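Student: Sharing a structure below in C-alpha cells format, with a few things to ask.
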Amino acid sequence: MMRQEIEVAEPLTDIKIHPYEHKAQYYETDQMGIIHHSNYVKWMEEARMDLMDQIGLNYKAMEKMEIISPVLAISVEYHSMVHFDDVVVIETRLVKYNGVKMEIEYTMTDKETGELRTTGRSSHCFLTRSGKPISLKRSYPELDTKFFEMKEE
C-alpha cells in the first residue's frame, strides 16, 4: 500500500491560533434553562477540530491517510453555568504529545464577561484504521513535527 502525504501549514511561529467560539443554542438547554452538561464535551470536540484545522492537521485529511485519533479519557469541571444565547470562548491547548498519544486542555469563558465557565481535558491516541497503534514520529514525521510545534511548554 502506498503511503499518502498530507500538506501541513507553515511553522506555528507564523500562525496565530484563534480561540473557538460557540453560541449556546436553545436545544442544548435542560429543563432548568441552562446548558446540559453533556454538551460541553461536544464543544470540546468542536474546538479540537478547529485547532487542528488552524494548524493544518485536518482530521479528515488524517483519516484519508488511515489515521484515527479516538478519545482515551475525558474530564470536565463546571465552574459556572452557561445559558441559552451565551457565547463561550474556548481556548484549546495541546499539553502533552509523544508521537503515540496527546492530551488537550480546554478553558471555556463567557465572551461578554470573561467569567470562567468550564475547564476540561481529553486524551487521545493515534491508530491505524484497523485499530493498531501508530507512532506518528516513525510513520509520519511531517505530522509529528506539527504536533511538537503545537505543544505548549
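The values are calculated or read from the model by the stated rules, or taken from the named source; none is laboratory data. As the structure is a prediction and not an experimental result, all values here were calculated from the model. Don't worry about glycine lacking a Cβ; one is built from the backbone with ideal geometry, like all the others, and counts go over all protein chains shown. In case anyone asks, the SASA skips ligands and DNA or RNA and just uses the protein heavy atoms, side chains included. Shrake-Rupley method; radii C 1.70, N 1.55, O 1.52, S 1.80 Å.
Student: Looking at the range 87-115, which of the residues that are over 18 Å from His18 (Cα atoms) and touching a His at 6+ places or on another chain (Cβ under 9 Å) is most open to solvent (accessible area, probe 1.4 Å)? Break it down stepwise before answering.
Tutor: Step one: filter the range 87-115 for residues over 18 Å from His18 (Cα atoms), giving 96-103, 113, 115.
Now narrow it down to the ones that are touching a His at 6+ places or on another chain (Cβ under 9 Å): 101-103, 115.
Working: Lys101: 109, Met102: 5, Glu103: 36, Glu115: 87 Å².
The qualifying residue most open to solvent (accessible area, probe 1.4 Å) is Lys101.
Student: Could you check the range 19-33 and list, in sequence order, the residues that are exposed (fewer than 11 other Cβ atoms within 10 Å of the Cβ) and assigned to a loop (DSSP other than H, G, I, E, B)?
Tutor: Gln31, Met32, Gly33
Student: Let me ask something additional. If we keep just the residues of the range 43-53 that are over 14 Å from Val89 (Cα atoms) and surrounded by fewer than 19 Cβ atoms within 10 Å (Cβ to Cβ), which is modelled with the lowest pLDDT?
Tutor: Quick first cut of the range 43-53, residues over 14 Å from Val89 (Cα atoms) only: 49, 52-53.
With surrounded by fewer than 19 Cβ atoms within 10 Å (Cβ to Cβ) added as a condition, the list becomes 49, 53.
Working: Met49: 95, Asp53: 91.
That would be Asp53.
Student: Right, here's the next one. Every residue in the range 79-115 that is within 22 Å of Leu127 (Cβ to Cβ) and in a loop (DSSP other than H, G, I, E, B), please.
Tutor: Scanning the range 79-115 gives Asn98, Gly99, Val100.
Student: Now a separate question. Do we find that Tyr78 is aromatic (Phe, Trp, Tyr) and open to solvent by less than 80 Å² (accessible area, probe 1.4 Å) in this structure? Even if it seems obvious, please write down each step before you answer.
Tutor: Numbers: aromatic (Phe, Trp, Tyr): yes; open to solvent by less than 80 Å² (accessible area, probe 1.4 Å): no.
Against the criterion (aromatic (Phe, Trp, Tyr) and open to solvent by less than 80 Å² (accessible area, probe 1.4 Å)), Tyr78 does not qualify.
Student: Follow-up question, since we're still on this one. Identify the single condition in (1) open to solvent by less than 30 Å² (accessible area, probe 1.4 Å); (2) assigned to a loop (DSSP other than H, G, I, E, B); (3) not charged (D, E, K, R) that Ser130 does not satisfy, given that it satisfies every other one.
Tutor: Here Ser130 meets the rest and fails (1).
Student: Of the residues in the range 122-145, how many are in contact (Cβ under 8 Å) with a residue 60 or more places away in the chain and not polar (S, T, N, Q)?
Tutor: Count: 7.
Student: Considering the range 54-70 alone, what residues qualify as being surrounded by fewer than 16 Cβ atoms within 10 Å (Cβ to Cβ) and either in a helix (DSSP H, G or I) or touching a His at 6+ places or on another chain (Cβ under 6 Å) (or both)?
Tutor: Tyr59, Lys60, Glu63, Lys64
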